[in-house]
Amino acid sequence: MALTADVTLPNGKKVTVPTGLYINDKWVEGSAPKLDIVNPATEELICQVSAASEKDIDAAVAAARLAFKTTWGKNVTGFERAKLINKLADLIERDSEELAQLESLNNGKPVKFALGGDITDTIGCFRYYAGWADKIVGQTIEVDNKTKLAFTRHEPIGVCGQIIPWNYPINMWAWKVAPALATGCTIVMKPSEITPLTALKLNVLVTEAGFPPGVLNTVPSLGSVGGAALASHLDVDKVAFTGSTITGRKIMEAAAKSNLKKVSLELGGKSPHLIFESADLDQAANWAIMGITWNTGQDCTAGSRLYVQDSIYDKFVDILVKKAKEFVVGPGHDDNVSGGPLVSKTQFERVLNYIAAGKAEGATVACGGEKWNGKGYFVEPTIFTNVKPEMKIVKEEIFGPVLAIGKFQTEEEAIALANDTTYGLGAGLHSKDADQCMRVSSALEAGTVWVNQYNLLNNNVPFGGKKQSGIGRELGSYALEEYTSIKAVHWNFGEKLPWPL
Amino acid sequence: MSVKTFSYEFTGPQWKGKTEFKTGNFINGEFVPGGSGKFIDVYNPTTGKVIAQISEGNAADVDLAVDAAQKAYDTVWGLKTPGFARGKLLIRLAELIEENVDELASLEALDNGKTFAAARNFDVVEAAACLRYYAGWADKIHGKVIETSEEKFGYTRHEPIGVVGQIIPWNFPFLMLAWKLGPALACGNTIVLKPSEFTSLTALRVCTLISAAGFPPGVVNIVLGYGQTVGAAISEHMKIEKVAFTGSTAVGRTIMKAAAGSNLKKVTLELGGKSPNVVFNDADVDQAVKWAAHGIYFNHGQTCCAGSRIYVQSGIYDSFIEKFTAHVKTLSTLVGDPFHPSTFQGPQVSQIQYDRIMHYIESGKSQGATLHLGGERHGTEGYFIQPTVFTDVEPHMKIVQEEIFGPVGVIAKFEDEEDVVRQANDTMYGLAAAVFSRDVGRAISVAHRLQAGTVWVNCVNMLNSQIPFGGFKQSGIGRELGEYALANYTNVKAVHVNIGTNM
């Protein structure tokens, strides 16, 4: 029985997609019920994929552990890791069209953005971390020159469980896999049960690049099964999770209860976007509307709360609503489309419920807010005005193209409104006043602050959350800390111990 | 005025193939004639015969190269090409070098005299590895954000310097090229480089690979010629803000003076050495013998960090000498054609070097050292010298004090640790040192006392692109390799942004 499926890509080409679990470079059947993978633009089944049970996770962890002890970890030099990771980047580049098509089919995002955004950033991410692989240095520390040499080694943590979400399947895969491989860790990767197809294809490229078996294992499964198993596994040294804050809590609890494995979390956000009166209004509106519609709002740093200074409020909201109406949703293979469907029925219903709640709580719909006619989980950009801080649409993460707009008078008020959230992932501000930009960016409680921009990241700049938006940082040199474990060595060469003391 | 083409057919045994390339200056992406109209003869040190001619550049050529480099820096390079893009080009160059490894190795062996095996498996492979290493740094040149008060936003930028001058030696022509190109390009600088007039061929061959990799014209420029003309022009140039030199201490002085006298350009120097190799009684003698031989005979002794003074503790002295003699006698039978697979040692690089080394051998004899092994020319053609060992040496002897840069080692006996550390440090040089002892605690404490930029414990002459290399004392200024090299090629700018202080 072949563990593959033939799938027709949006461009009409047929491709064979692996559908098994990939453990120790072998395709195996999973022992949990299969997962249905659905095309969110058409609501039709693409194929079924094997799902891992706790037993399968055990096998994957064992494979990763063996590789770490024998062929990876300290058994491979940083220089060699760098070469392999660069090779992987080359292969992703080679297959980028096919991967973009598959990503669009499974996740719904426009092919042009998958190619020009997600995959381009992914290739860059791997090349970036390839560069770090032979530069993981410790310190030598002067204690007493006559007797002791003290130094640190930044060792790979070991076997890492990585749990990634469905909003940027390929790019989130890269953010996790690249630094882990660069530092010498081995991986059990659980892609989202909604969007596992590209992760499975990518594992094949990892093998083709020449990584030894067991270095990367891919085990699609339900979060409550595979994710929970990894978080509580006694032989997993570290778990990295990107997803909702609620699930992040469960991961951290499981880690604490089991073996106190190291935890890094990239969670939700309700990121504020501040428009000050000196801002270039047209540009600010472009960034603001992009901030809530990029990836159809399914972005952890989506600028989902917009606060506009009262002196420019009416003018700005006018400009913004006009631009929102220019946003076209449709199937991802259509190059004229700016955003695809939401990823699943569950997400679709969730977002519609929030829109209904917004209306019920008395906010005004400035645009959008209607149910889509026809197949596919499409939601058009929806803007609410006249919002109050206590409203659900202002407090809770919606994860769709739904924006709540509020007003402020003073800079202090703007900052207070922006920071009035348990989240702290992203924030944006638009102002031509340089001093104001510095003051406000300093005051905003967010892991990433954009000034006169939004949502654009770089592989060499760190990303992560303050407050309940997460623990730890991805990207940049900082990600290396999540995958290394410090050992201090005290080497005595001159001190003799008397006894008794 | 013309540009000549060098064409050569390699007939093996280890690689058969043809090489062909132009031998003019490489300025702004093109091979151009030298301003002097003259040519320099290129000798094959294995035969002593002329095999090629390269253009002879002059100060006017350096001006042209600087202009091209400055233009490239102002328009397409520097920070205009972001770090990740610079890194990609360096990786591509490394790949192209790896694809052409045999041709480059053959050319290096032909031009320099080192064995094809060493050129291929060490020089060219390590050169590519060095470029890969620095490719990784290109988008990681970080400054710092420094907290002072809320009224100020203070940060540093590590900016490229601009046009840098680089002067490289003849002992590891291709590898030294990589050591210079890697960090300079990673940091965003443009380059005017003078290869040694003795060994310019691999530098010229790699120019087309540099273009093929995608480096814009003017980013890397090669000016051929002599130290006294082209080298001097670079170190005196008013528009070059930094010069990096690898070569003799005497010339290093000249470069530094010229830099001071012109525009106070930044200077880094990798100079000579007379590196001590200290073997304690409790060393693994068999291993110490092999490492010690490697230390002095690797690259025919033409290595700045050669372990040219070997100090052996009295308890194992006789045993060491016996084993070392046997080992070197074997090596002596493997002197010959660099292209022969079993050859260990080829010729010295030039007639001048040959004469110099033989002169030191004479001085050793006349000052009363015992010529224990070797000391003669090998063969009748080319610049071959037998692996040579002197014993019964005294500290004042020229062969103990001065850098010979040939396959000539001196061995001295020592009693105690204090004495040997003093003797090891009794030199104006401080490039490298090695310690052999199975008591690693003692090895480390001695290593820490030796005044050298690189100290090897239970090994010699093993470098990695990731670990810095450079000299104490008169062996140099600054470090190459590792992250440390980046400091040579960046200018730190501190930016103070006032947030709230009004006058």
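The values are calculated or read from the model by the stated rules, or taken from the named source; none is laboratory data. Bear in mind the structure is a predicted one, so any value in this text is a computation, not a measurement. Here Cβ is always computed from backbone atoms with ideal geometry, including for glycine, and neighbour counts include all displayed protein chains.
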Query raised in the report: In the stretch B:458-473, which residues are surrounded by fewer than 22 Cβ atoms within 10 Å (Cβ to Cβ) and either among the aliphatic types (A, V, I, L, M) or assigned to a loop (DSSP other than H, G, I, E, B) (or both)?
Result: B:Asn458, B:Cys459, B:Asn461, B:Met462, B:Leu463, B:Asn464, B:Gln466, B:Ile467, B:Pro468, B:Phe472
Query raised in the report: Would you say B:Gln451 is more than 19 Å from the chain's Cα centre (by Cα) and either over 18 Å from B:Leu181 (Cβ atoms) or within 10 Å of chain A (Cβ to nearest Cβ) (or both)?
Result: yes
Requested in this report: Scan the stretch A:7-19 and give yes if some residue there is closer than 30 Å to A:Pro156 by Cβ and part of a loop (DSSP other than H, G, I, E, B), otherwise no.
Outcome: no
Query raised in the report: With (1) touching a Ser or Thr at 6+ places or on another chain (Cβ under 6 Å); (2) in contact (Cβ under 8 Å) with a residue 40 or more places away in the chain as the list, and A:Ser232 as the residue in question, which single condition is left unmet?
Result: (2)
Query raised in the report: Out of (1) touching a Phe, Trp or Tyr at 6+ places or on another chain (Cβ under 6 Å); (2) surrounded by fewer than 18 Cβ atoms within 10 Å (Cβ to Cβ), the odd one out for B:Arg205 is which?
Result: (2)
Query - Residue ID - nearest to B:Lys80 (Cα to Cα), chosen from residues in the stretch B:144-181 that are within 12 Å of chain A (Cβ to nearest Cβ) and part of a strand (DSSP E or B) - result: B:Tyr155
Query raised in the report: Here are some conditions: (1) outside any strand (DSSP E or B); (2) of a type outside the set (Lys, Arg); (3) more than 14 Å from chain A (Cβ to nearest Cβ). B:Ile141 meets all but one. Which one does it not meet?
Result: (3)
**Report entry** Out of A:Val239, A:Val263, sole residue that is in the same structural domain as A:Arg127 (by TED's automatic domain parsing), in a strand (DSSP E or B) and either on the phi > 0 side of the Ramachandran plot or crowded, with 24+ Cβ neighbours inside 10 Å (or both)
**Finding:** A:Val239
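Conditions tested, residue by residue: (1) closer than 27 Å to A:Tyr307 by Cβ; (2) without any contact (Cβ under 8 Å) to a residue 12 or more places away in the chain.
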position	(1), (2)
A:Ala427	yes, no
A:Ala434	yes, yes
A:Met438	yes, yes
A:Glu445	yes, no
A:Val449	yes, no
A:Leu456	yes, yes
A:Asn460	no, no
A:Thr484	no, no
Requested in this report: Could you list, in sequence order, all residues of the stretch B:261-283 that are more than 23 Å from B:Val408 (Cα to Cα) and charged (D, E, K, R)?
Outcome: B:Lys265, B:Lys266, B:Asp282
**Report entry** Search result, residues across the stretch B:398-410 that are in a loop (DSSP other than H, G, I, E, B) and surrounded by 20 or more Cβ atoms within 10 Å (Cβ to Cβ)
**Finding:** B:Glu403, B:Ile404, B:Phe405, B:Gly406, B:Pro407
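Mind telling me which of the residues B:Arg356, B:Arg377, B:Arg442 ends up being within 14 Å of chain A (Cβ to nearest Cβ) and of a type in the set (D, E, K, R)?
B:Arg442
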Report task. Output yes when any residue across the stretch A:91-102 is crowded, with 17+ Cβ neighbours inside 10 Å, touching a residue at least 12 places away in the same chain (Cβ under 8 Å), more than 23 Å from A:Met172 (Cβ to Cβ) and away from chain B (no Cβ under 14 Å), and no when none is. Result -> no
Query raised in the report: From A:Gly73, A:Gly108, A:Gly124, which residue is out of contact with any His (no Cβ under 9 Å at 6 or more places or on another chain), buried (at least 17 other Cβ atoms within 10 Å of the Cβ) and within 14 Å of chain B (Cβ to nearest Cβ)?
Result: A:Gly124
Query raised in the report: Among the residues of the stretch B:99-107, is any surrounded by fewer than 24 Cβ atoms within 10 Å (Cβ to Cβ) and under 19 Å from A:Tyr128 (Cβ atoms)?
Result: no
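Could you please give the count of residues in the stretch A:420-438 that are within 14 Å of chain B (Cβ to nearest Cβ) and in a loop (DSSP other than H, G, I, E, B)?
2
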**Report entry** the stretch A:353-371, residues that are modelled with pLDDT under 95 and surrounded by 15 or more Cβ atoms within 10 Å (Cβ to Cβ)
**Finding:** A:Gly369
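Of everything in the stretch B:100-138, what is more than 14 Å from chain A (Cβ to nearest Cβ) and acidic (Asp, Glu)? Give them in sequence order.
Across the stretch B:100-138, the qualifying residues are B:Asp102, B:Glu103, B:Glu108, B:Asp111, B:Asp123.
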Query raised in the report: Of all residues in the stretch B:23-66, which are in contact with a strand residue (DSSP E or B) (Cβ under 6 Å, 6 or more places away or on another chain), surrounded by fewer than 21 Cβ atoms within 10 Å (Cβ to Cβ) and among the charged types (D, E, K, R)?
Result: B:Asp41
Requested in this report: Just give me the residues in the stretch B:355-387 being in a strand (DSSP E or B) and either more than 18 Å from B:Asn171 (Cβ to Cβ) or not assigned by TED's automatic domain parsing to the domain that holds B:Ala293 (or both), in sequence order.
Outcome: B:Thr370, B:Leu371, B:His372, B:Leu373, B:Arg377
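Hey, can you tell me all the residues within the stretch B:9-18 that are touching a residue at least 12 places away in the same chain (Cβ under 8 Å) and surrounded by fewer than 19 Cβ atoms within 10 Å (Cβ to Cβ)?
B:Gly12, B:Pro13, B:Gln14, B:Trp15, B:Gly17
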Query raised in the report: If a residue has to be away from every other protein chain (no Cβ under 14 Å) and assigned to a loop (DSSP other than H, G, I, E, B) to count, how many in the stretch B:480-503 make the cut?
Result: 1
Query raised in the report: Which members of the stretch B:354-391 meet the condition of being within 22 Å of B:Lys329 (Cβ to Cβ) and of a type in the set (S, T, N, Q)?
Result: B:Thr370, B:Thr380, B:Gln386, B:Thr388, B:Thr391
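Yes/no matrix, rows are residues, columns are (1) of a type outside the set (Gly, Ala, Ser); (2) closer than 19 Å to A:Ser338 by Cβ; (3) out of contact with any helix residue (DSSP H, G or I) (no Cβ under 9 Å at 6 or more places or on another chain):
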{"residue": "A:Ala229", "(1), (2), (3)": "no, no, no"}
{"residue": "A:Gly243", "(1), (2), (3)": "no, no, no"}
{"residue": "A:Lys250", "(1), (2), (3)": "yes, no, no"}
{"residue": "A:Ala256", "(1), (2), (3)": "no, no, yes"}
{"residue": "A:Val263", "(1), (2), (3)": "yes, no, no"}
{"residue": "A:Ser271", "(1), (2), (3)": "no, no, no"}
{"residue": "A:Asp299", "(1), (2), (3)": "yes, yes, no"}
{"residue": "A:Tyr307", "(1), (2), (3)": "yes, no, no"}
Query raised in the report: Take the residues of the stretch A:460-501 that are within 12 Å of chain B (Cβ to nearest Cβ) and among the polar types (S, T, N, Q): which is surrounded by the fewest Cβ atoms within 10 Å (Cβ to Cβ)?
Result: A:Asn492
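It is to be established whether one or more residues within the stretch B:77-96 are of a type in the set (Phe, Trp, Tyr) and within 14 Å of chain A (Cβ to nearest Cβ). Even if it seems obvious, please write down each step before you answer.
As a first pass, look at the stretch B:77-96 and keep what is of a type in the set (Phe, Trp, Tyr): B:77, B:84.
Now drop any that are not within 14 Å of chain A (Cβ to nearest Cβ), which leaves B:84.
Yes, the stretch B:77-96 contains a residue that is of a type in the set (Phe, Trp, Tyr) and within 14 Å of chain A (Cβ to nearest Cβ).
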Query raised in the report: What's the number of the condition A:Leu457 fails, among (1) under 25 Å from A:Gln347 (Cβ atoms); (2) more than 14 Å from chain B (Cβ to nearest Cβ)?
Result: (2)
Report task. Taking B:Val435 as the residue in question, decide whether it is buried (at least 24 other Cβ atoms within 10 Å of the Cβ), within 14 Å of another protein chain (Cβ to nearest Cβ) and not in a loop (DSSP other than H, G, I, E, B). Result -> yes
